[in-house]
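Input: a single structure, listed below in structure tokens.
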Amino acid sequence: MKLAVQVNEGPYQHQASDSAYMFTKAALEKGHEVFRVFFYHDGVNNGTRMTTPPQDDRHVVNRWVELAEKYDLDLVICVAAAQRRGIVDEGEAERNGKDGTNIADKFRISGLGQLIEAAIQCDRTVVFGD
Amino acid sequence: MSEVKKFMYLNRRAPYGTIYAWESLEVVLIGAAFDQQVSLMFVDDGVYQLVKGSKPADIEMKNFTPTYRTLGDYGVRHMFVDKASLEARGLTQDDLIEVEWEDWETEEEVDNIVEVIDADKVVELLDESDVVFSF
Amino acid sequence: MSDLYTINKSPFEKNSLDSALKFSKAGTAVLLYEDAVYAAVKGTAVEEQIKAAMGDKKVYALGPDLAARGIAEDRVIDGVELVDYTGFVDLVEANDKVQAWV
């Protein structure tokens, strides 16, 4: 099965990102294809490398990065939602005159079309939100 | 991508208190470029998204009601409203905005694609959709 | 189409369970996860609602979310099937589409 996963909430505030991660990991371990994980609304906050949770807590951002490294996952952050919330890559920093970037490795910023494309191409779209 | 899927946007939240309604609308606008069959469903507090007369200037937010009125131009053919959700909130169709639709090729016109439907019809429409986005 | 409805809200906080059940047809698979697992517990005000839903629908609850909230399996309403994340994936695969009732 080819899956699209949408994550609509940020890390720690809401369980949605944890549930999405657990679901995605289980799907990949079962041999399913996860075509794309799309981060929308406050979900874009899953993609900042500045996150520093206490050492005895899970690292939600790094967990996504490690899963992406292991399975070559496409982690896409919505550009419009990211601009509102200050998630910045080099391209965005240049375009909008920002003095730095904060996007985590393995995440990329792109348009909402990536969500629609994923929903068209995949057998199932699974939404995790508040 | 020749396959046409039926997309349903399921809206269950009021506008302004959270950003979900506005960012959901942004998905619909972008999704228009993909030539899929697009419908919107408003249930529970989602029906408040279509109420006429919003003036959010004093809370310094953008008034996005006019954007809903352009959805017909973005290829949205149906905007369904759950009757019971509307009634529970003391509203009728008269309280809701109207959205025109026109097929540029056939020149078929519909004055208002906002349609109040009963629960059985909601179930049927959700059931026959290929993708349901929930916001 | 066969549908999987996912619900993640406590039934005592928001009407997601009510709406999901109201707008579902016979044969729908309903998965309670995150705070919605409280709806799967015996002896609550929604127990009858869950039992009624099981008349023509299949109800599942996510075991890891029950365990996290200190809900032992013997407190779960009879007939509610427990699944883990792999079971969640299997439910997604077994149905034609997924609708999130957030």
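The values are calculated or read from the model by the stated rules, or taken from the named source; none is laboratory data. Given the structure is predicted, the values throughout are model-derived calculations rather than measurements. No Cβ is skipped: glycine too gets one built from the backbone with ideal geometry, and neighbour counts run over all protein chains shown.
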Tell me which of these B:H78 doesn't satisfy, since it passes every other one: (1) within 14 Å of chain A (Cβ to nearest Cβ); (2) within 24 Å of B:D118 (Cα to Cα).
-> (1)
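Considering only region A:30-47, state which residues are under 12 Å from the mean Cα position of the chain (by Cα) and either more than 8 Å from every other protein chain (Cβ to nearest Cβ) or at negative phi (or both).
A:R36, A:V37, A:F38, A:F39, A:Y40, A:D42, A:G43, A:V44, A:N45, A:N46, A:G47
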Can you name the residue in region A:71-97 that is among the charged types (D, E, K, R) and within 14 Å of chain B (Cβ to nearest Cβ) and is also surrounded by the most Cβ atoms within 10 Å (Cβ to Cβ) among such residues?
-> A:R85
Within the set of pairs 6+ apart or on separate chains, which have a first residue in region B:120-135 that is at the interface with another protein chain (Cβ under 7 Å from one of its Cβ atoms) and within 18 Å of A:H41 (Cβ to Cβ), a second that is among the polar types (S, T, N, Q) and in a helix (DSSP H, G or I), and C-beta atoms under 8 Å apart?
-> B:F133/B:S24
Examine region A:47-58 for a residue that is buried (at least 21 other Cβ atoms within 10 Å of the Cβ), among the aliphatic types (A, V, I, L, M) and more than 23 Å from B:Y20 (Cβ to Cβ), and state whether such a residue exists.
-> no
Among the candidates A:A20, A:A27, which residue alone is within 19 Å of C:F88 (Cβ to Cβ), in a helix (DSSP H, G or I), in contact with a Leu (Cβ under 7 Å, 6 or more places away or on another chain) and within 14 Å of another protein chain (Cβ to nearest Cβ)?
-> A:A27
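When you scan region C:21-31, do you find a residue that is β-branched (V, I, T) and assigned to a helix (DSSP H, G or I), even just one?
If we filter region C:21-31 for residues that are β-branched (V, I, T), which is where we start, we get C:28, C:30.
Pick out the ones that are also assigned to a helix (DSSP H, G or I) and you get none.
Within region C:21-31, not a single residue is β-branched (V, I, T) and assigned to a helix (DSSP H, G or I).
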Note down all Cβ pairs under 6 Å where the first residue falls in region C:12-31 and is within 14 Å of C:G55 (Cα to Cα), the second is at pLDDT below 95, and they're at least six residues apart or on different chains.
-> none
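Looking only at residues that are outside any loop (DSSP other than H, G, I, E, B) and among the acidic types (D, E) in region B:81-119, which one is nearest to the other protein chains (Cβ to nearest Cβ)? Give the steps one after another, and end with the answer.
First pass over region B:81-119, keeping only residues outside any loop (DSSP other than H, G, I, E, B): B:81-88, B:93-96, B:101-102, B:109-110, B:114-117, B:119.
If we keep only those that are among the acidic types (D, E) as well, we get B:82, B:87, B:94-95, B:102, B:109, B:115.
Details: B:D82: 8, B:E87: 14, B:D94: 24, B:D95: 21, B:E102: 23, B:E109: 27, B:E115: 16 Å.
Across region B:81-119, the extreme among qualifying residues is B:D82.
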Sole miss for B:Q36 among (1) more than 14 Å from chain A (Cβ to nearest Cβ); (2) surrounded by fewer than 21 Cβ atoms within 10 Å (Cβ to Cβ) is condition (1)
Please enumerate the residues belonging to region A:98-128 that are within 10 Å of chain B (Cβ to nearest Cβ), surrounded by fewer than 20 Cβ atoms within 10 Å (Cβ to Cβ) and of a type in the set (S, T, Y).
-> none
Condition met for B:L50 (under 26 Å from A:A81 (Cα atoms), of a type in the set (A, V, I, L, M), away from every other protein chain (no Cβ under 12 Å) and within 12 Å of the chain's Cα centre (by Cα)) = yes
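Does region B:7-17 contain any residue that is outside any loop (DSSP other than H, G, I, E, B), surrounded by 15 or more Cβ atoms within 10 Å (Cβ to Cβ) and out of contact with any strand residue (DSSP E or B) (no Cβ under 7 Å at 6 or more places or on another chain)?
Step one: list which residues in region B:7-17 are outside any loop (DSSP other than H, G, I, E, B), which gives B:7-11.
Applying the additional criterion that residues be surrounded by 15 or more Cβ atoms within 10 Å (Cβ to Cβ) yields B:7-11.
Remaining after also requiring out of contact with any strand residue (DSSP E or B) (no Cβ under 7 Å at 6 or more places or on another chain): none.
Looking for residues that are outside any loop (DSSP other than H, G, I, E, B), surrounded by 15 or more Cβ atoms within 10 Å (Cβ to Cβ) and out of contact with any strand residue (DSSP E or B) (no Cβ under 7 Å at 6 or more places or on another chain), one finds none in region B:7-17, hence no.
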What are the residues in region B:18-53 that are touching a residue at least 40 places away in the same chain (Cβ under 8 Å) and part of a loop (DSSP other than H, G, I, E, B), if any?
-> B:D35, B:V43, B:K52
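Using the structure shown, decide if A:N8 is within 25 Å of C:D84 (Cβ to Cβ) and away from chain C (no Cβ under 14 Å). Steps first, please.
Numbers: within 25 Å of C:D84 (Cβ to Cβ): yes; away from chain C (no Cβ under 14 Å): no.
So A:N8 does not fit the description; no.
Residues to consider are A:V65, A:V88; find the one that is of a type in the set (A, V, I, L, M, F, W, C), in contact with a Lys or Arg (Cβ under 6 Å, 6 or more places away or on another chain) and part of a loop (DSSP other than H, G, I, E, B).
A:V88 is the lone residue from the list that is of a type in the set (A, V, I, L, M, F, W, C), in contact with a Lys or Arg (Cβ under 6 Å, 6 or more places away or on another chain) and part of a loop (DSSP other than H, G, I, E, B).
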Of the numbered conditions (1) in contact with a Gly (Cβ under 9 Å, 6 or more places away or on another chain); (2) buried (at least 22 other Cβ atoms within 10 Å of the Cβ); (3) within 14 Å of chain A (Cβ to nearest Cβ), C:S16 fails exactly one; give the number of that condition.
-> (1)
May I ask you to verify whether A:R58 is assigned to a strand (DSSP E or B) and either touching a residue at least 24 places away in the same chain (Cβ under 8 Å) or away from every other protein chain (no Cβ under 11 Å) (or both)?
-> no
